[in-house]
Structure formats: structure tokens, C-alpha cells
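Here is the structure we will look at.
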Amino acid sequence: MSYEYQERDVKKQPDRELTFGTGRFSGFCSATLGCLSLAAVLAYLYPSYLTTTDLRAVYDANKLQEVLKYGMWFSLFFGVITLILNKKKVLGIIGVSSTLIAFALGGYTIPVGPVEAKPLALGVDWLILAFLGSTIIFTTLEKLFPKYKDQPIFRDEWGLDFLYFCINHLLISVLLLIGNFVVAKFHWAMSDTLQGAVQSIPVIYQVVIALIVADFILYWEHRSFHEVGKLWPFHAVHHSVETMDWMAGSRSHIGQTIIERSLVMLALYLVGFDKAALDAYVTIAALQAIIIHCNINVPFGPIKYLFVTPQYHHWHHSSESPAIDTNYAAHTTLFDRLFGTYHMPVEHWPAHYGTTKRLPRNFKGQFLYPFK
Ligand SMILES: [Zn+2]
């Protein structure tokens, strides 16, 4: 019997829109910049505990203080506009007061010196940079090419997914530490011959091989989380999202995140790719993981038959019967086609997202869900 696909019904929610002239947009800018500035100032004060060792090597802390300077002054500027325009004034008060505390703690003039590396630290720097970068890139894409034009940025459960976003980024050093621990346990399985052979291949081809190796691992890891009864409640947390956008992909049980990252890290290290190839793979994988959850509809042309796109992964999140337990792949459609789990009705998008059995709607309930 053929399935009757339906259109998703997304209604306008004017009370959630950041309409210009009402003080909501300026309130959002002020509160965001104020909170990020305060977090950045704390990271400058306690870099050993609040910044990521690997990431510090990539950015220039002195140059970022210039960005912080603009962030703080703009937060005050938007805060004043909000206090004038917005009746509630809450966001303006949050923005202005957090910026004033940031100024009182030293603001953008805290001297930058050598940092003692600690094995465990909170990735406050990683959180700030990822949030700023992702908001600019993916909110722009979602506004330029929306699938659901009337879906507001601050949709239902945005706050819950933002909490997941913060935790995933703050715990980066924990995830890396566990990944490195797992890799070290498998040192005996590393082969110099294999690594030598792989590293003699041009980097661009190494990236392609890394994508396919990781895709294979992620396919079976993901499929196991769906089809093994005891594992599903962990992954159900990720599927409890009922509105798709760039923030939605952040929702994931920490137990699954640890297993997933460690498995991919182990596979890639065993094959022995060049560092440049690994860096390129990690960047592509991170961007693709966000894009496929986005509320965007871009005409991908023939690419949509080869690579995992938003439409493809949205189908994976659908609670409609033909889509259940399909589209497991993370990068290419290869393994879904090969192992019979491919579902892509190109003319249609899902009408319903989420799990068939509803999960708790808060962080604590979702964290404890697999243990009940
Ligand atoms: Zn899934």
C-alpha cells in the first residue's frame, strides 16, 4: 500500500519573532553579547580552567580581545535601546548588567600571558566561538533558504537544546580525554605498514577515505542505537526533538556522545591518517552534522542522491511509518543504499518529527530516561 505523504503545518508565532522596532531584536543582541562577554572575561581571568588546550593553539587571545571590546560596547548600546523600546526590559537588564560585571572584572584589558595546560578544563572559549560562528552562519542560512518560513528562531524547546549545545561544548576536554584513553588501549592494533601506506596517499584522497571509514562506523553505531533494545532509550533523546533547526542536532545523551566520538576517533587513528586529513575530516563532519538538522531547503541537485542532506536527515527524524529506522548514515547515502535502509521520497518532507512514544521534556528527565 502506498503511503499518503502530507504537508507539515507550521503556523506563524508572532509573539516569538524578533520583530524590529519592538526592542526584541536589540534585547536578544544585548543579552547574548553581554553573557558571552562575561563568559569571555572569566575565561581570560582563569584560562587554565576555562579554555581548551588544543583550541588555544589555533586562535590569538590578544586579537580576540579586540572582538570582546566591540562585543561589550555593542551589548551596552543594544541594552539601552531595549530599555527604551521594550516594555518588559528583562533582556536589556540582563545584557547591561552582565556587561557591567564584565567591565568590573577587568573587561577587555586583562593581560594575556602563558597558560598552564590542565588535562581537564571547561571549554568556555570553544562554547563562545562555536555559538557566535554557528549563530551567524546557520541563522543566516535558515533565514535565506528556510524550509519552514514561519518557524521562529526561538521555537518550542529552543532553551533545552541550547542547554545541550552548552554542555557538549563545555565538556570538550572530557570527550577528548575519554577518546584518547580508548585510542591508547588499542595501541597494539596499530600497524606501521598500514599507516605508512595511508600517509603516502595525497591528503585530499585521505579525506575521502576518512569520510567513508567514519560513515561505515557511524552507520553501524547509529543502527545499533536504533535496533538494539537497551541502546534505543539513549538515542531516543536525540529523536525527541520535534522541531528541526541548527540547534536541534545538539540534543544528544552524553552516554551516546561519548561512545560515538570514541569509536570514530579510534577508527581514524587506527587507519593512521595524516593530521591535515583528520583536521579536514573533523571540520567537514562538524559542519555537515549541523547542516543536516537545519531548517533549510536548498536545491542540492544530484548531490542529494550521494550525500546526506537536510531533507535526507529530516526523514530520519520523522515519526511517520515509512521513515522509521531509515537513513542512518552521517555523510554519504552509500551504506543506507547498500544495507537496505534508504528512504528518500524527493518530492516530500516529513509532516511529523519526534519519537512515537514521547520522552520527558526536560534535561534531567531525558538524562535519566535510559536508566529507568
Ligand atoms: Zn537516529
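What the table below lists for this structure:
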quantity: Rg/Rh for the range 172-371, where both radii come from Cα atoms and Rh is the Kirkwood radius; calculated: 0.97
quantity: Length added when fully stretched, ILE101-ILE212, from 0.36 nm per residue minus Cα-Cα; calculated: 35.1 nm
quantity: Electrostatic dipole magnitude of the range 263-343 [Cβ: Lys, Arg +1; Asp, Glu -1; Cα centre; debye, to 20]; calculated: 120 debye
quantity: Length-normalised contact order of the range 172-371 in % [C-alpha pairs under 8 Å, at least 6 apart]; calculated: 27 percent
quantity: Using θ = phi - 60° and Karplus 6.51 cos²θ - 1.76 cosθ + 1.60, couplings along the range 6-20 (whole Hz; Gly, Pro as x); calculated: 10, 7, 6, 9, 10, 8, 4, 10, x, 6, 10, 7, 8, 5, 5
quantity: Value at 222 nm in deg cm²/dmol, rounded to 500, when DSSP H runs of n ≥ 4 in the chain each add -39,500 (n - 2.57); calculated: -18500 deg cm²/dmol
quantity: Quarter of the Cα convex hull surface for the chain, i.e. its orientation-mean projected area (nm²); calculated: 21.0 nm²
quantity: Residues whose placed amide H lies under 5 Å from that of PHE307, excluding near-sequence neighbours; calculated: THR333
quantity: Subset of LYS11/LYS143; LYS69/LYS143; LYS63/LYS89; LYS149/LYS304 violating a 24 Å alpha-carbon distance limit; calculated: LYS69/LYS143; LYS63/LYS89
quantity: Alpha-carbon Rg/Rh ratio, for the range 1-137, with Rh computed the Kirkwood way; calculated: 1.14
quantity: Pairwise label distance in nanometres, PHE339 with ASP15, each label 7 Å out on the Cα-Cβ vector; calculated: 4.5 nm
quantity: Distance between modelled label sites at ASP54 and GLU7, nm, 7 Å Cα→Cβ extension; calculated: 4.6 nm
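Quick note: the coordinates plus some simple rules give every number you see, no bench work behind them. In this text the structure is predicted, and so the values were computed from the model without any measurement. With ideal geometry, Cβ positions are generated from the backbone for all residues, glycine too; neighbour counts draw on all protein chains shown.
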